[in-house]
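I have placed the structure first, in the form of structure tokens, so that the comments after it can refer back to it.
The values are calculated or read from the model by the stated rules, or taken from the named source; none is laboratory data. If you're wondering where the values come from, they're calculated on a predicted model, not measured in any experiment. Glycine also receives a Cβ, built like all others from the backbone with ideal geometry; neighbour counts cover every protein chain displayed.
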Amino acid sequence: MTRRPLIVVPDGGTFYHHTSLTDPRIAPLVSRTPDLRTLSAQDLAGTDTVVVPCRANPEILRAKAPLFLSVLNRGDRLVVMGETESHLWLPGLRFTPLETNFWWWLEPEAASGLTLAAPDHPLFTDMRLEDATWHYHGMFTPPEGAASLVTCREGGAILYEDRVSWPGPLLVTSLDPMYHHGSYFMPAASRFLLGLMDWLSRPMPTAPARPPHGPMIDRYEAASTPSSRSTTT
């Protein structure tokens, strides 16, 4: 037997978040859209996937970081979109800001510089490389064992999946699809967002409750010490 995953997307309170989350192609896929400012553990209870929307207020995200880490530590999926300063509140992320070329496609012999690094990943049954191609604001250096999904000419990943660092899978991107979709421009960003949400909402096997995980290092507390704090590259 299968069931549809329960997906929570906190509402960051901007017009582009509202437009994206009320889109009739997206709204039926999302179980709850609690206010990010008042987000609580109860809002995230019983969910399978939590999506941190792009361009959400980084100060609020830093304050709510323990809630997002609890999703990973209990074995559920966390998706973190771009322009959220995720490297400052999510331990282990290595982010390098890059100069953004907004008009690369107008250059002679234009090329995005992006590569589909894992074409067999199931996400790419719902989207193509072209759907992840508009412009990017930075790149990540994935940890050892994580899978780069889309890489850029500068050598890092603009989309990767980490199934080794936490009990739950982590999907990270430097792209900002909700901003562009909700602003009604950049069709590729809309295709990316719709493809991502379709993939996240695929039916999943019904399984017995997971046994509790063994002792885990509190990575959030460890990351607060000077010796272990992640920094930008």
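Across the stretch 1-28, what is the number of residues that are of a type in the set (A, V, I, L, M), more than 15 Å from the chain's Cα centre (by Cα) and under 22 Å from R74 (Cα atoms)? Quick ask: steps written out before the conclusion?
So in the stretch 1-28, the residues of a type in the set (A, V, I, L, M) come out as 1, 6-9, 21, 26-27.
From what's left, more than 15 Å from the chain's Cα centre (by Cα): 1, 6, 21, 26-27.
If we keep only those that are under 22 Å from R74 (Cα atoms) as well, we get 6.
Within the stretch 1-28, residues that are of a type in the set (A, V, I, L, M), more than 15 Å from the chain's Cα centre (by Cα) and under 22 Å from R74 (Cα atoms) number 1.
So Q42 fits all but one of (1) more than 22 Å from S190 (Cβ to Cβ); (2) part of a loop (DSSP other than H, G, I, E, B); (3) modelled with pLDDT of 95 or more; what number is the exception?
(2)
Quick one: how many residues across the stretch 200-221 are at pLDDT 95 or above and either loosely packed, with under 13 Cβ neighbours inside 10 Å or in contact with a Leu (Cβ under 6 Å, 6 or more places away or on another chain) (or both)?
In the first step, residues of the stretch 200-221 are kept if they are at pLDDT 95 or above; the result is 200-201.
When the remaining residues are screened for being either loosely packed, with under 13 Cβ neighbours inside 10 Å or in contact with a Leu (Cβ under 6 Å, 6 or more places away or on another chain) (or both), the result is 201.
Count: 1.
What number of residues within the stretch 153-199 satisfy the criterion of being free of Cβ contacts under 8 Å to residues at least 12 places away in the same chain and either surrounded by 24 or more Cβ atoms within 10 Å (Cβ to Cβ) or part of a helix (DSSP H, G or I) (or both)?
1
Could you grab me the full set of residues in the stretch 9-39 that are over 20 Å from A189 (Cα atoms) and surrounded by 15 or more Cβ atoms within 10 Å (Cβ to Cβ)? I'd like the intermediate steps shown before the answer.
As a first pass, look at the stretch 9-39 and keep what is over 20 Å from A189 (Cα atoms): 31-39.
Residues satisfying the conditions are S31, R32, T33, P34, L36, L39.
Please list, ordered by first then second residue, the pairs with beta carbon atoms under 8 Å, 6 or more apart or interchain, first in the stretch 118-146 and surrounded by fewer than 20 Cβ atoms within 10 Å (Cβ to Cβ) and β-branched (V, I, T), second modelled with pLDDT of 95 or more and in a loop (DSSP other than H, G, I, E, B).
Sorted first by the residue in the stretch 118-146, then by its partner, the pairs are T141/R94; T141/G156.
Identify the residue in the stretch 177-199 that is at pLDDT below 95 and out of contact with any helix residue (DSSP H, G or I) (no Cβ under 7 Å at 6 or more places or on another chain) and, among all such residues, is farthest from L129 (Cα to Cα).
Y184
For residues that are among the charged types (D, E, K, R) and over 28 Å from H137 (Cα atoms), tally how many sit in the stretch 1-55. Can you show your working first?
Looking only at the stretch 1-55, we keep the residues that are among the charged types (D, E, K, R), and these are 3-4, 11, 23, 25, 32, 35, 37, 43, 48, 55.
In the following step, the residues that additionally are over 28 Å from H137 (Cα atoms) were identified as 3-4, 32, 43, 48.
The total comes to 5.
Taking only pairs six or more apart or across chains, which ones have beta-carbon atoms under 6 Å, a first residue in the stretch 23-43 that is among the hydroxyl-bearing types (S, T, Y), and a second residue that is modelled with pLDDT of 95 or more and not in a strand (DSSP E or B)?
Filtered contacts from the stretch 23-43: S31/L6; T33/V9; T33/L21.
If I go through the stretch 49-58 residue by residue, how many of them are crowded, with 22+ Cβ neighbours inside 10 Å and part of a loop (DSSP other than H, G, I, E, B)?
Going through the stretch 49-58 one residue at a time, the tally reaches 3.
Of the residues T33, T47, which is within 19 Å of L200 (Cβ to Cβ) and touching a His at 6+ places or on another chain (Cβ under 9 Å)? Step through it out loud before you land on a result.
Details: T47 fails: touching a His at 6+ places or on another chain (Cβ under 9 Å).
Just a single option satisfies the conditions, and that option is T33.
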